[in-house]
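Got a structure here, written out as structure tokens. Questions coming.
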Amino acid sequence: MKIYLQHVKEFSETIFNDDRLARQVDDLAKLLRPVVKEESEEKLQRFDKVVAEKAPRAVEALEDSAVQAVSCNRPNQSRHL
């Protein structure tokens, strides 16, 4: 478990970094947006909303997973699966 937590810490500071994820979402959105726009204005509005919310949600989910892993490793704690 200690090695796992070391990796989670390393990844949270590198590949799961908020700014890095936000840039990746933005880069992909720039590529996909014109295709979504061809579908409909309604889909484009939904797409823009989801893109704006996606990176922070991804980071929160990763952080929650790390917290769960730590709490599952402690004695006398309930496991959250």
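If the reach is capped at under 23 angstrom between alpha carbons, list the lysines near LYS37, excluding any in the same chain fewer than eight residues apart.
In chain and number order, the partners are LYS49, LYS54.
Then there's this: How long is the gain from GLN24 to ALA52 if the chain were fully straight, where each residue apart is worth 0.36 nm and the alpha carbon distance is subtracted? List each step's numbers first, then the result.
On the way: separation 28, 0.36 × 28 = 10.08 nm, distance 1.21 nm.
Value of the extension gain: 8.9 nm.
Coordinate-derived values only; no laboratory data. Please read these numbers as outputs of a predicted model, since none were measured by experiment.
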